[in-house]
Amino acid sequence: MTDLRAILVSALRHYVYCPRQCALVHLEQQWGENLFTLRGQHSHRRVDEGAGEWDAGVRVERSMPIWSERLGLTGKADVVEFHPDGTVYPVEYKHGPRGPGLHFDVQLCAQALCLEEMLGVAILLGAIYHVKSRRRREVVLDVVLRERTEEAVQAVRELLSQRSLPPPVEDRALCRACSLIELCMPDLAPVATPWLFDPAVDEPR
């Protein structure tokens with residue numbers, strides 16, 4: 001990736017969850033550990049080995065490097081399945097139980113956009129694999145999700161270029177699950193961050 005403005009795909013997930021979290025991780029290089037992050041790391045052990053395999057005629061690549069010159073993105077896809085009919089199917093691993101999560105869907109969609117550009121294929125579907133329930137939640141990579149993903153790319157780029165820490169989100173339930181809560185100290189910041197998406201509609205948890 002030659003674009004100096006390239007951002008990590010994971011930054012989109014952080015931004016949609018909470019712009020302040022995104023700035024702490026990707027601008028100030030802060031990171032914290034809690035029970036959720038430790039469980040997530042354990043869930044990713046096999047994925048992070050990066051070993052490919054064949055499963056019932058499907059080639060499975062793990063921890064696959066991905067990028068998009070058009071969007072200025074770079075990162076890794078947890079799992080990419082290459083099916084015999086030519087279908088490319090990205091799968092993102094998450095520790096928690098099966099359920100909605102716009103921040104996860106945006107991250108998965110960004111991976112698909114990278115893969116489409118790299119491989120010259122159309123990717124219509126992907127999945128979030130929830131390790132706790134051992135179930136997949138299939139995600140339709142439709143026009144609306146693609147637009148939201150590209151909006152998130154621009155929002156993250158603007159956030160990083162401003163080089164300032166935004167105020168926290170209004171929904172303190174998000175803060176309680178965040179490993180950066182002690183660094184963030186959201187209750188000491190009086191002004192709430194406006195959301196890129198409406199949390200009441202998009203359920204970004």
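The values are calculated or read from the model by the stated rules, or taken from the named source; none is laboratory data. Source: prediction; values computed, not measured. Positions of Cβ are backbone-derived with ideal geometry, glycine not excepted, and every protein chain shown enters the neighbour counts.
Please give the helices (runs of 4 or more DSSP H) falling wholly within the stretch 2-44 in which 2 or more residues are modelled with pLDDT of 90 or more. Even if it seems obvious, please write down each step before you answer.
Details: elements: 9-17, 19-26, 35-43.
By residue number, 9-17, 19-26.
Residue pairs, Cβ under 6 Å, 6 or more apart or interchain, first in the stretch 113-131 and over 19 Å from residue 73 (Cα atoms), second polar (S, T, N, Q) and at pLDDT below 95. List them.
These pairs meet every condition: 131/43.
So residue 165 passes all but one of these: (1) modelled with pLDDT of 85 or more; (2) in a helix (DSSP H, G or I). Which condition number does it fail?
(2)
Taking the condition of being surrounded by 23 or more Cβ atoms within 10 Å (Cβ to Cβ) and not hydrophobic (A, V, I, L, M, F, W, C), how many residues in the stretch 3-13 meet it?
1
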